[in-house]
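Everything on this sheet refers to the single structure shown next.
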Amino acid sequence: MHEPQVVYEPEDWPRLVREDRHDELRQWLRAHGIDPADVSVDEEITIELMTLGGDRAIHYTAFLRDADGHFYRDESTDGPAQEPRFVPLAVDPPPQWRTSEETTR
C-alpha cells in the first residue's frame, strides 16, 4: 500500500503563512489549475496513488461556489460548503515540503 505524501497539514498554517513556502504552495496549486482561494486550510493536501500504473493525484478539500461564483454555506453543517477533490499530479512538489512525520518514516 502506498502512503499519501502530505504536502500541507492544517497545523502548519500559522507558520506557513509567514514563509516563502506559502507563495510556492499557491503557485504549485495554480500550476494544477487549482485556485488557492478555493482550498481549505483546515484540511490536509496530499498526493495519492490513483492507479496501479502509478498515476498520482493531488487530494484536497475545495470550498464550493454557487452559479454566481460566490462561496456558500452547507445548510446541513452550517459551515462552508466543501467537497474532496482529486486533480492529476503534473508537477511534483519540492522534496523539502514533506512533513517531518513523513521524512522520519
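Brief remarks follow.
- Condition met for Leu25 (in contact (Cβ under 8 Å) with a residue 40 or more places away in the chain, aliphatic (A, V, I, L, M), surrounded by 14 or more Cβ atoms within 10 Å (Cβ to Cβ) and not in a strand (DSSP E or B)): yes
- Reported count of residues in the stretch 30-70, each being closer than 18 Å to Pro93 by Cβ, without any contact (Cβ under 8 Å) to a residue 24 or more places away in the chain and surrounded by 12 or more Cβ atoms within 10 Å (Cβ to Cβ), is 2.
- If you filter the stretch 1-20 down to residues that are out of contact with any strand residue (DSSP E or B) (no Cβ under 8 Å at 6 or more places or on another chain) and of a type in the set (A, V, I, L, M), you find that the one that is modelled with the highest pLDDT is Val17.
- Considering the conditions (1) touching a residue at least 60 places away in the same chain (Cβ under 8 Å); (2) in a helix (DSSP H, G or I), Glu3 is excluded by exactly one of them, (2).
- Residue match in the stretch 3-14 (condition: under 17 Å from the mean Cα position of the chain (by Cα), of a type in the set (A, V, I, L, M) and surrounded by fewer than 15 Cβ atoms within 10 Å (Cβ to Cβ)): no
- Failed condition for Arg73, given (1) more than 18 Å from Leu89 (Cα to Cα); (2) of a type in the set (Lys, Arg); (3) at pLDDT below 95: (3)
- Filter result for the condition that a residue is hydrophobic (A, V, I, L, M, F, W, C), closer than 20 Å to Val87 by Cα and in contact with a Pro (Cβ under 9 Å, 6 or more places away or on another chain), over Leu29, Leu52: Leu29
The values are calculated or read from the model by the stated rules, or taken from the named source; none is laboratory data. Bear in mind the structure is a predicted one, so any value in this text is a computation, not a measurement. Here the Cβ is made from the backbone with ideal geometry for all residues, glycine too, and neighbour counts use every protein chain on show.
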